[in-house]
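**Student:** What follows is a structure written as structure tokens; I'll ask about it next.
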Amino acid sequence: MNHLNLSPQNLIIEQGELKGKGTICNQNITSESIKERSYKVGSVFQDPRSQFFTLHVKTEISFPSENHGVSTDKMQRNISETVDRLKFSPLMGRKPFDLSSGEKQKVALASVYSLGVKVYVLEEDLWESYFLI
């Protein structure tokens, strides 16, 4: 492969020659659509503000699920599980842009976590978000 572009929520194979195979979660990535891959791979940018789309933490966490057409019931379960698992309750009523840098990183990670991806692509070492490990 001449070029593998790691882009938000996706692994995109650019034009080039593929030799061998690439897999994610035991699935050949060349046989899946970008949408299918985005259920397995999520990314968090170095500057989480660049991936915020809403004005509230709760809606920010639900945003990826909405984009994937997840039912409202399942989305609410995903949010509840994410909040419980990551001990996120204190941030839920807040606005992402009012948070500290570390809290913003946690919101960005939580939005990816809520979708249930298996692989996280981190643009930088997110040491402040060690709680996911």
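**Student:** Using modelled backbone amide H atoms (1.01 Å from N, in-plane), which distant-in-sequence or interchain residues come within less than 5 Å of GLY22's amide H?
**Tutor:** ILE29, THR30
**Student:** Next question. Can you figure out the FRET efficiency of VAL119 with ARG85, using R₀ = 25 Å and their beta-carbon distance, to the nearest 0.05? Please list the in-between numbers first.
**Tutor:** On the way: r = 18 Å, r/R0 = 0.71.
About 0.90, to the nearest 0.05.
**Student:** While we're here: Taking the Cβ of each residue in LEU55, LEU122 as the centre, tally the other Cβ atoms inside 10 Å and list the residues starting with the fewest.
**Tutor:** Lowest count first: LEU55, LEU122.
**Student:** A follow-up question, please. Hey, with R₀ at 41 Å, roughly what FRET efficiency would LYS95 and LYS19 work out to, going by the Cβ-Cβ distance, to 0.05?
**Tutor:** Efficiency at R0 = 41 Å is approximately 0.30.
Laboratory data are not the source of any read-out in this text; all were calculated from the coordinates shown. From a predicted model like this one, the values you see are computed outputs, not experimental measurements. With ideal geometry, Cβ positions are generated from the backbone for all residues, glycine too; neighbour counts draw on all protein chains shown.
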